[in-house]
Amino acid sequence: MRSLGQGLFSSAPLLLVLAGLFWAGNTVLGRGLSDLTPPVQLAFARWTLATLIIAPFAWPRLRQDWATIRAHAPMIAFLAALGPGSYNTLLYIGLTHTPAVNALLVGASGPLLIAIAAYAAFGDRMTRAQALGVVLAGVGVVFIIARGDPSKLGAAEFNQGDLWVFAALASWGVYTAYLRRKPAIHWLSFAAVTFALAAVFNAPLAAVEHGLGRSLQADWTTAFAIAYVAVFPSVLSYIFFSRGVELIGANRAGAYLNLIPVFGVGLAIAFLGEQLQGFHAAGFLLIMGGVLLSARRAGVSAGR
């Protein structure tokens, strides 16, 4: 008779829903503690702790894959820099300037940015419906960034935080497009190495941030924040999403990522007191319309 844990680990919907919930919580927590926790140091601490957590489990695989890892070190470093190394750092910086609701709804355009990156880097063809979806989602993103008033774009009155978030999504899009160049190593090896490199890449930036007068505080709030972002949206969401892809395939699993803004907006309203406004709803509908038009593209990766 299978144990409860084995049964849960065989339920793709449960695993994928939990992964989306944890990733949504990452954005809400990043916003909620933006005045207390320096963004780059939070990213550095996140990947340092995540590396320490996953390393003992990955060690046997790392020993087996080490020759391949060394042979493909430049590509792995490139992926680590664009993915975990940049995405969350840019996101946390953006969340110091923009509400979580904005970041989550702009984030819904992520699948379309992946399609654009794959087209630009590898010439992956898009159908007319996919191209229309990219345009439609782009209009939605602009609508949210402009707070429903496109004239603000020309007057440079938009929120810079939204641009940081969009830069994070663009970095993730390129990372995902280039995952096809990932060497054939076990996913635990890949996770451990990219987590460690993300911490290394953020270390000098964290030192600069500290030198500018912002430092992580030695209190329970900071400890909770680091523990959450290292354990839940890093290690557990990565494992849960990878297992979900294994069970039902990348295309079907990727659809569950659309739950992230849904969960996140609810959490932001409940815990941060943020409000969903008309331009949020209109922009989100445009973005989701674009995503649905592009639903036949290739699958989406994990690890946000």
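The gain in end-to-end length when the Ala218 to Arg181 segment is fully stretched comes to 9.3 nm, 0.36 nm per residue minus the alpha carbon separation. Taking θ as phi - 60° and the Karplus parameters 6.51, -1.76 and 1.60, the scalar couplings of the range 207-212 work out to 5, 5, 4, 4, x, 7 Hz in sequence order, x denoting glycine and proline.
Residues in the range 35-124 average 40 Å² of solvent-accessible surface per residue, probe 1.4 Å, ligands and nucleic acids excluded.
Among 51-57, 213-219, how do they line up from the highest to the lowest mean number of other beta-carbon atoms within 10 Å? Don't skip to the end; give the middle numbers.
Details: 51-57: 16.1, 213-219: 11.7.
Highest-to-lowest ranking by the protection proxy: 51-57, 213-219.
Peptides 164-172, 60-68, 32-40 ranked from most to least packed give 164-172, 32-40, 60-68, packing being the mean of other C-beta atoms within 10 angstrom over each peptide's residues. By the Stokes-Einstein formula, at 0.890 mPa s and 25 °C, the range 4-55 with its Kirkwood radius over alpha-carbon pairs has D equal to 188 µm²/s. Counting 0.36 nm for each residue step from Ala281 to Glu246 and taking away their Cα separation leaves a gain of 9.3 nm.
Working from label points 7 Å from Cα in the Cα-to-Cβ sense, the Leu205 to Leu14 distance is 3.7 nm. For the range 12-22, the Karplus equation 6.51 cos²θ - 1.76 cosθ + 1.60, evaluated at θ = phi - 60°, returns couplings of 4, x, 5, 4, 6, 5, 5, 4, x, 5, 5 Hz by residue, with Gly and Pro reported as x.
Suppose R0 equals 51 Å; then what is the FRET efficiency for Arg128 and Thr68 from their Cβ-Cβ distance, rounded to the nearest 0.05? With a Förster radius of 51 Å, E is 0.80.
The values are calculated or read from the model by the stated rules, or taken from the named source; none is laboratory data. A quick note: this is a predicted structure, and the numbers were derived from the prediction, not measured. Every residue, glycine as well, gets a Cβ built from its backbone with ideal geometry; the counts of neighbours run over all protein chains shown. Accessible surface areas use protein heavy atoms only, side chains included; no ligands, DNA or RNA. Shrake-Rupley method; radii C 1.70, N 1.55, O 1.52, S 1.80 Å.
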